[in-house]
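I have placed the structure first, in the form of structure tokens, so that the comments after it can refer back to it.
The values are calculated or read from the model by the stated rules, or taken from the named source; none is laboratory data. Not measured: the values here are computed from a predicted model. Here the Cβ positions follow ideal geometry from the backbone for every residue, glycine too, while neighbour counts run over all protein chains shown.
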Amino acid sequence: MRIDLDGRTALVTGSAQGIGLAIARTLARCGASVVVNGRSEETSQRAAEDVREHVPGAQVLGVAADLATDQGTAAVLEAVPRVDVLVNNLGIFESADPLEIDDATWRRYLEVNVLAGVRLTRAYLPGMIDRGWGRVQFIGSDSAVVIPAEMIHYGVTKTALLGVSRGFAKAAAGTGVTVNSVLAGPTHTGGVETFARSLVGDDLPWDEAQRVFMREHRPQSLLQRLIEPEEIAHMVAYLASPLASATTGAAVRVDGGYIDAIVP
């Protein structure tokens with residue numbers, strides 16, 4: 001199968017590193033003009049240059065904005081008034097004692113992990129509907145279904161995204177626009193590597209530390225290793241393409257079998 005996104009513009013939020021950057025590279029390889037986003041001009045332009053280095057000739061725009069704020073959202077909408085593919089990837093996580101998570105932290109997580117994507121979807125979806133084609137994706141997590149005891153605030157925001165994406169899919173019913181969420185499993189990013197180290201210690205070589213982390217803290221994984229960001233990006237590229245025209249309102253898993261359920 002050939003995924004062809006030539007002529008499409010894709011915005012990937014939170015794409016200065018990790019999964020978001022891998023998604024931006026992959027969409028660029030498929031021919032899309034890609035907009036990458038970080039909170040600072042430095043990180044945004046560094047991400048744009050990274051995509052150009054990995055995909056020579058790629059059309060890439062870096063837009064600096066804090067999408068957890070109304071001002072940041074307005075800045076992106078001004079710089080990029082139209083997109084065909086919106087990937088709501090922005091998210092934060094950290095380990096915390098559930099009884100010590102205060103209201104301010106809960107609000108921050110909801111603002112960054114949920115409302116940032118809601119605002120952009122609300123802004124871009126009408127144009128997609130008018131044009132009769134578009135793709136919206138929310139990058140979710142296995143934590144939406146298997147709430148981690150050490151970061152329930154993160155898990156709850158990812159659970160919310162399942163409802164958000166399903167609801168927007170209904171709003172776009174019959175229009176040629178699809179809205180889906182991607183349930184990513186434990187993925188090898190810099191942040192996750194730091195998180196894993198915080199649980200298993202710094203004295204082990206990374207390959208061994210990863211195995212210990214998966215065995216002791218993510219034993220449900222059938223893959224028994226961390227997923228690479230590019231593996232998440234492959235699913236996103238498929239869902240962004242015309243090939244996925246009949247997939248909407250779905251929670252599609254790239255979780256390495258982590259979620260112990262048959263459906264979805």
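Here's the yes/no breakdown for (1) at pLDDT below 95; (2) over 22 Å from Val236 (Cα atoms):
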site	(1), (2)
Ala10	no, no
Val35	no, no
Glu42	no, yes
Val55	no, no
Asp66	no, yes
Asn89	no, no
Glu94	yes, yes
Asp103	no, yes
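Have a look at Val179, Val212, Val236 and point out the one that is part of a helix (DSSP H, G or I) and within 22 Å of Thr26 (Cα to Cα).
Being part of a helix (DSSP H, G or I) and within 22 Å of Thr26 (Cα to Cα) holds for just one of Val179, Val212, Val236, which is Val236.
Taking the criterion of being touching a Ser or Thr at 6+ places or on another chain (Cβ under 8 Å), under 19 Å from Gly256 (Cβ atoms) and not hydroxyl-bearing (Ser, Thr, Tyr), would at least one residue in region 200-214 satisfy it? Walk me through it before giving the result.
Taking region 200-214 and keeping what is touching a Ser or Thr at 6+ places or on another chain (Cβ under 8 Å), we get 214.
From what's left, under 19 Å from Gly256 (Cβ atoms): 214.
Pick out the ones that are also not hydroxyl-bearing (Ser, Thr, Tyr) and you get 214.
Looking through region 200-214, at least one residue is touching a Ser or Thr at 6+ places or on another chain (Cβ under 8 Å), under 19 Å from Gly256 (Cβ atoms) and not hydroxyl-bearing (Ser, Thr, Tyr).
Can you find, within region 174-186, the residue that is nearest to the chain's Cα centre (by Cα) among those that are in contact (Cβ under 8 Å) with a residue 40 or more places away in the chain and surrounded by fewer than 22 Cβ atoms within 10 Å (Cβ to Cβ)?
Gly176
Can you find, within region 200-209, the residue that is farthest from the chain's Cα centre (by Cα) among those that are exposed (fewer than 15 other Cβ atoms within 10 Å of the Cβ) and in a helix (DSSP H, G or I)?
That would be Glu208.
Suppose the filter is loosely packed, with under 14 Cβ neighbours inside 10 Å and either in a helix (DSSP H, G or I) or among the basic types (Lys, Arg) (or both); does Leu125 pass it?
Taking the combined requirement at face value, the residue does not satisfy it.
For region 240-264, enumerate the residues that are within 11 Å of Val179 (Cα to Cα) and in a loop (DSSP other than H, G, I, E, B).
Across region 240-264, the qualifying residues are Ser245, Ala246, Thr247, Thr248, Gly249, Ala250.
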